[in-house]
1. Over the Cα atoms of the range 38-110, Rg to Rh with Kirkwood Rh, two decimal places?
2. When the Karplus curve 6.51 cos²θ - 1.76 cosθ + 1.60 is applied with θ = phi - 60°, which whole-Hz ³J(HN,Hα) does each residue of the range 93-109 get, with x for Gly and Pro?
3. For the range 110-123, take each phi angle, set θ = phi - 60°, evaluate the Karplus expression 6.51 cos²θ - 1.76 cosθ + 1.60, and give the result in whole Hz per residue in order, putting x for glycine and proline.
4. Stick to the Cα atoms of the range 147-202, pair each with every other, and give me the Kirkwood hydrodynamic radius in Å at one decimal.
5. How large is the Kirkwood hydrodynamic radius of the chain, in angstrom, based on all distinct alpha carbon pairs?
6. Using the Cα gyration tensor of the range 107-156, with a ≥ b ≥ c the square roots of its eigenvalues, what is the shape: rounded (a/c below 1.5), prolate (a/b larger than b/c) or oblate (neither)?
7. Can you name the helices of the chain, as whole DSSP H runs, whose Cα span along the helix axis is 27 Å or more and whose Kyte-Doolittle mean is not below -0.5?
8. Mind checking the per residue accessible area of the range 72-163 for me, 1.4 Å probe, whole number of Å²?
Amino acid sequence: MIRISKPEQAPHILRERGQRTTAANQQAFEDGQRAFQFDNSLYGAKSVKNALIAAQRGKCAFCESQVRHIAHGDVEHYRPKGGVRQSEGEPLEQPGYFWLAYLWENLFLACQLCNQSFKKNLFPLADPTKRARSHLDDLAAEEPLLIDPVEDDPGTLIGFRGEIAFPLDDDGRAQATIDALGLNREALVEFRFDHLTPFKLLRGALSLLPADSEEASDILALFEAAVLPGAQYSSMIRALLADPA
Ligand SMILES: [Zn+2]
(Lines give C-alpha, C1' and ligand atoms only; values in the text may rest on other atoms or scores of the structure.)
Protein backbone atom coordinates (compact mmCIF):
# COMPACT_ATOMS: atom_id res chain seq x y z
CA MET A 1 0.00 0.00 0.00
CA ILE A 2 1.29 3.47 -0.81
CA ARG A 3 0.05 6.97 -0.22
CA ILE A 4 -2.40 8.23 -2.82
CA SER A 5 -2.94 11.82 -3.77
CA LYS A 6 -6.28 12.53 -5.42
CA PRO A 7 -7.18 15.83 -7.09
CA GLU A 8 -8.94 17.97 -4.51
CA GLN A 9 -11.88 18.73 -6.73
CA ALA A 10 -14.32 15.85 -7.19
CA PRO A 11 -15.35 14.92 -10.74
CA HIS A 12 -18.29 16.98 -11.97
CA ILE A 13 -20.87 14.18 -11.74
CA LEU A 14 -20.20 13.75 -8.00
CA ARG A 15 -20.41 17.49 -7.35
CA GLU A 16 -23.71 17.76 -9.20
CA ARG A 17 -25.83 14.62 -9.34
CA GLY A 18 -23.88 12.96 -6.54
CA GLN A 19 -24.50 15.82 -4.12
CA ARG A 20 -28.17 16.10 -5.07
CA THR A 21 -28.70 12.37 -4.53
CA THR A 22 -26.87 12.52 -1.22
CA ALA A 23 -29.02 15.44 -0.05
CA ALA A 24 -32.16 13.48 -0.99
CA ASN A 25 -30.92 10.38 0.88
CA GLN A 26 -30.10 12.47 3.95
CA GLN A 27 -33.59 13.95 3.91
CA ALA A 28 -35.10 10.47 3.49
CA PHE A 29 -33.09 9.27 6.50
CA GLU A 30 -34.39 12.16 8.58
CA ASP A 31 -37.90 11.17 7.44
CA GLY A 32 -37.36 7.65 8.75
CA GLN A 33 -36.05 5.72 5.73
CA ARG A 34 -33.40 3.13 6.63
CA ALA A 35 -32.87 1.18 3.41
CA PHE A 36 -31.13 2.81 0.47
CA GLN A 37 -30.50 1.96 -3.16
CA PHE A 38 -27.32 3.22 -4.74
CA ASP A 39 -26.73 4.44 -8.25
CA ASN A 40 -23.64 2.78 -9.66
CA SER A 41 -23.78 5.11 -12.67
CA LEU A 42 -22.78 7.97 -10.33
CA TYR A 43 -19.90 6.68 -8.19
CA GLY A 44 -18.92 4.21 -10.94
CA ALA A 45 -19.14 6.81 -13.73
CA LYS A 46 -16.41 6.74 -16.34
CA SER A 47 -15.16 10.18 -15.30
CA VAL A 48 -14.86 9.05 -11.67
CA LYS A 49 -13.12 5.83 -12.57
CA ASN A 50 -10.74 7.56 -14.97
CA ALA A 51 -9.84 10.14 -12.32
CA LEU A 52 -9.09 7.35 -9.86
CA ILE A 53 -7.09 5.39 -12.44
CA ALA A 54 -4.98 8.49 -13.08
CA ALA A 55 -4.46 9.27 -9.39
CA GLN A 56 -3.61 5.65 -8.54
CA ARG A 57 -1.74 4.99 -11.79
CA GLY A 58 -3.97 2.03 -12.52
CA LYS A 59 -3.10 0.23 -9.29
CA CYS A 60 -5.34 -1.20 -6.60
CA ALA A 61 -5.37 1.21 -3.64
CA PHE A 62 -4.74 -1.67 -1.27
CA CYS A 63 -2.59 -4.45 -2.75
CA GLU A 64 -0.72 -2.34 -5.37
CA SER A 65 -1.52 -4.80 -8.16
CA GLN A 66 -1.95 -3.29 -11.61
CA VAL A 67 -5.69 -3.73 -11.89
CA ARG A 68 -5.98 -2.48 -15.42
CA HIS A 69 -3.82 -5.21 -16.96
CA ILE A 70 -6.37 -7.89 -16.24
CA ALA A 71 -9.68 -6.31 -15.22
CA HIS A 72 -11.76 -3.14 -15.27
CA GLY A 73 -11.26 -2.51 -11.57
CA ASP A 74 -13.93 -1.63 -9.03
CA VAL A 75 -14.73 1.80 -7.69
CA GLU A 76 -14.66 0.90 -4.04
CA HIS A 77 -15.97 2.71 -0.98
CA TYR A 78 -13.52 3.12 1.91
CA ARG A 79 -16.47 3.38 4.30
CA PRO A 80 -19.00 0.85 2.96
CA LYS A 81 -22.19 2.43 1.65
CA GLY A 82 -24.81 -0.30 2.03
CA GLY A 83 -24.02 -1.99 5.34
CA VAL A 84 -21.09 -2.36 7.66
CA ARG A 85 -19.45 -5.05 9.78
CA GLN A 86 -17.03 -4.50 12.63
CA SER A 87 -15.41 -7.87 11.89
CA GLU A 88 -15.93 -10.98 9.80
CA GLY A 89 -18.71 -13.06 11.35
CA GLU A 90 -20.38 -10.15 13.10
CA PRO A 91 -23.85 -9.14 11.88
CA LEU A 92 -24.22 -6.70 9.03
CA GLU A 93 -25.39 -3.35 10.40
CA GLN A 94 -27.63 -1.32 8.11
CA PRO A 95 -27.73 1.24 6.77
CA GLY A 96 -24.05 1.66 6.04
CA TYR A 97 -22.39 4.97 5.31
CA PHE A 98 -25.15 5.86 2.83
CA TRP A 99 -24.32 9.58 2.92
CA LEU A 100 -20.76 8.87 1.72
CA ALA A 101 -21.74 6.77 -1.32
CA TYR A 102 -21.01 9.59 -3.77
CA LEU A 103 -18.29 11.37 -1.83
CA TRP A 104 -15.02 11.66 -3.73
CA GLU A 105 -12.90 11.27 -0.58
CA ASN A 106 -14.56 7.92 0.10
CA LEU A 107 -13.80 6.38 -3.31
CA PHE A 108 -10.83 4.35 -4.49
CA LEU A 109 -9.95 2.06 -7.36
CA ALA A 110 -9.54 -1.49 -6.06
CA CYS A 111 -8.98 -4.92 -7.52
CA GLN A 112 -11.87 -7.36 -7.30
CA LEU A 113 -10.11 -9.61 -4.80
CA CYS A 114 -9.34 -6.84 -2.31
CA ASN A 115 -12.80 -5.37 -2.73
CA GLN A 116 -15.19 -8.28 -3.22
CA SER A 117 -13.43 -11.21 -1.58
CA PHE A 118 -11.81 -9.51 1.39
CA LYS A 119 -12.90 -6.03 2.36
CA LYS A 120 -16.57 -6.29 1.38
CA ASN A 121 -18.55 -4.58 4.17
CA LEU A 122 -15.76 -4.57 6.73
CA PHE A 123 -15.00 -1.31 8.41
CA PRO A 124 -13.56 -1.99 11.87
CA LEU A 125 -13.22 0.85 14.36
CA ALA A 126 -11.00 1.04 17.44
CA ASP A 127 -14.21 1.69 19.40
CA PRO A 128 -17.33 0.52 17.52
CA THR A 129 -19.61 2.47 19.88
CA LYS A 130 -18.30 5.62 18.19
CA ARG A 131 -19.53 4.56 14.77
CA ALA A 132 -21.35 7.30 12.86
CA ARG A 133 -24.80 6.04 11.83
CA SER A 134 -25.76 8.93 9.61
CA HIS A 135 -24.73 12.38 8.43
CA LEU A 136 -26.08 13.67 11.79
CA ASP A 137 -23.26 11.92 13.70
CA ASP A 138 -19.66 13.01 14.04
CA LEU A 139 -17.54 11.09 11.55
CA ALA A 140 -14.39 12.65 12.99
CA ALA A 141 -15.01 10.85 16.30
CA GLU A 142 -14.43 7.50 14.61
CA GLU A 143 -11.00 5.93 14.80
CA PRO A 144 -10.94 3.65 11.75
CA LEU A 145 -8.62 0.68 11.94
CA LEU A 146 -8.36 0.43 8.16
CA ILE A 147 -5.55 2.54 6.80
CA ASP A 148 -6.77 5.33 4.52
CA PRO A 149 -4.24 5.67 1.68
CA VAL A 150 -4.93 9.41 1.38
CA GLU A 151 -5.11 10.43 5.05
CA ASP A 152 -2.44 8.04 6.32
CA ASP A 153 1.03 7.23 5.03
CA PRO A 154 0.79 3.45 4.58
CA GLY A 155 4.57 3.18 4.15
CA THR A 156 5.08 4.13 7.81
CA LEU A 157 2.46 1.62 8.99
CA ILE A 158 2.95 -1.50 6.86
CA GLY A 159 6.42 -2.91 6.21
CA PHE A 160 7.67 -5.97 4.33
CA ARG A 161 9.90 -8.84 5.33
CA GLY A 162 10.70 -10.19 1.91
CA GLU A 163 7.31 -10.60 0.26
CA ILE A 164 5.34 -10.72 3.53
CA ALA A 165 3.54 -7.61 4.78
CA PHE A 166 3.85 -6.94 8.51
CA PRO A 167 2.80 -4.15 10.89
CA LEU A 168 5.19 -1.32 11.75
CA ASP A 169 2.76 0.33 14.17
CA ASP A 170 1.78 -0.83 17.65
CA ASP A 171 -1.88 0.17 17.69
CA GLY A 172 -3.26 -2.64 15.56
CA ARG A 173 -4.21 -0.61 12.50
CA ALA A 174 -1.69 -2.21 10.15
CA GLN A 175 -2.59 -5.75 11.25
CA ALA A 176 -6.31 -5.00 10.94
CA THR A 177 -5.68 -3.66 7.43
CA ILE A 178 -3.52 -6.62 6.40
CA ASP A 179 -6.19 -9.03 7.68
CA ALA A 180 -9.25 -7.23 6.33
CA LEU A 181 -7.78 -6.77 2.85
CA GLY A 182 -6.02 -10.12 2.67
CA LEU A 183 -2.68 -8.43 1.96
CA ASN A 184 -0.89 -11.70 2.77
CA ARG A 185 -3.27 -13.93 0.79
CA GLU A 186 -1.47 -16.85 -0.78
CA ALA A 187 -1.73 -15.93 -4.45
CA LEU A 188 -0.67 -12.35 -3.80
CA VAL A 189 2.30 -13.42 -1.69
CA GLU A 190 3.39 -15.80 -4.45
CA PHE A 191 3.11 -13.05 -7.02
CA ARG A 192 5.10 -10.64 -4.83
CA PHE A 193 7.75 -13.34 -4.31
CA ASP A 194 8.16 -13.69 -8.09
CA HIS A 195 8.41 -9.92 -8.44
CA LEU A 196 10.91 -9.60 -5.59
CA THR A 197 13.32 -12.38 -6.52
CA PRO A 198 15.09 -10.67 -9.47
CA PHE A 199 15.52 -7.50 -7.42
CA LYS A 200 17.21 -9.50 -4.65
CA LEU A 201 19.57 -11.02 -7.22
CA LEU A 202 20.25 -7.62 -8.75
CA ARG A 203 21.01 -6.15 -5.36
CA GLY A 204 23.53 -8.95 -4.78
CA ALA A 205 25.08 -8.34 -8.19
CA LEU A 206 25.29 -4.60 -7.53
CA SER A 207 27.46 -5.17 -4.47
CA LEU A 208 30.02 -7.00 -6.67
CA LEU A 209 30.14 -4.45 -9.47
CA PRO A 210 32.38 -1.37 -9.63
CA ALA A 211 30.17 1.56 -8.60
CA ASP A 212 31.03 3.50 -11.79
CA SER A 213 30.31 0.61 -14.18
CA GLU A 214 27.59 0.74 -16.79
CA GLU A 215 26.02 -2.43 -15.34
CA ALA A 216 25.79 -0.82 -11.90
CA SER A 217 24.05 2.24 -13.28
CA ASP A 218 21.65 0.01 -15.26
CA ILE A 219 20.72 -1.84 -12.07
CA LEU A 220 20.24 1.41 -10.16
CA ALA A 221 17.94 2.63 -12.95
CA LEU A 222 15.85 -0.56 -12.55
CA PHE A 223 15.62 0.04 -8.79
CA GLU A 224 14.56 3.64 -9.35
CA ALA A 225 11.81 2.56 -11.75
CA ALA A 226 10.63 -0.16 -9.35
CA VAL A 227 9.93 2.28 -6.51
CA LEU A 228 8.00 4.80 -8.58
CA PRO A 229 4.35 5.19 -7.47
CA GLY A 230 3.12 3.57 -10.69
CA ALA A 231 5.25 0.43 -10.24
CA GLN A 232 3.57 -2.70 -8.91
CA TYR A 233 4.41 -3.53 -5.28
CA SER A 234 6.64 -0.46 -5.00
CA SER A 235 6.30 -0.45 -1.20
CA MET A 236 7.81 -3.93 -1.04
CA ILE A 237 10.75 -3.02 -3.30
CA ARG A 238 11.27 0.16 -1.28
CA ALA A 239 11.46 -1.98 1.87
CA LEU A 240 13.98 -4.33 0.21
CA LEU A 241 16.24 -1.45 -0.78
CA ALA A 242 15.97 0.14 2.66
CA ASP A 243 17.08 -3.11 4.30
CA PRO A 244 20.86 -3.04 4.74
CA ALA A 245 21.10 -6.87 4.70
ZN1 LIG B 1 -6.06 -5.27 -4.54
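1. 1.01
2. 9, 10, x, x, 7, 4, 7, 10, 4, 10, 8, 3, 4, 8, 10, 9, 8
3. Once θ is set to phi - 60°, the couplings for the range 110-123 become 9, 6, 5, 5, 4, 7, 8, 9, 10, 5, 6, 9, 6, 8 Hz.
4. Numbers: mean 1/r = 0.0833 Å⁻¹.
Taking the inverse mean of 1/r over all distinct Cα pairs, the range 147-202 comes out at 12.0 Å.
5. Evaluated on the chain, it is 19.4 Å.
6. It is prolate, given that a/c is not under 1.5 and a/b is the larger ratio.
7. Within the chain the helices that satisfy the rule are 186-208.
8. Using a 1.4 Å probe on heavy atoms only, each residue of the range 72-163 averages 42 Å².
The values are calculated or read from the model by the stated rules, or taken from the named source; none is laboratory data. This structure is a prediction, so every number in the text was calculated from the model and none was measured. Using ideal geometry, Cβ is built from the backbone for each residue, glycine included, and neighbour counts are taken over all protein chains shown. The accessibility values were calculated without ligands, DNA or RNA, using every heavy atom of the protein model including side chains. Shrake-Rupley method; radii C 1.70, N 1.55, O 1.52, S 1.80 Å.
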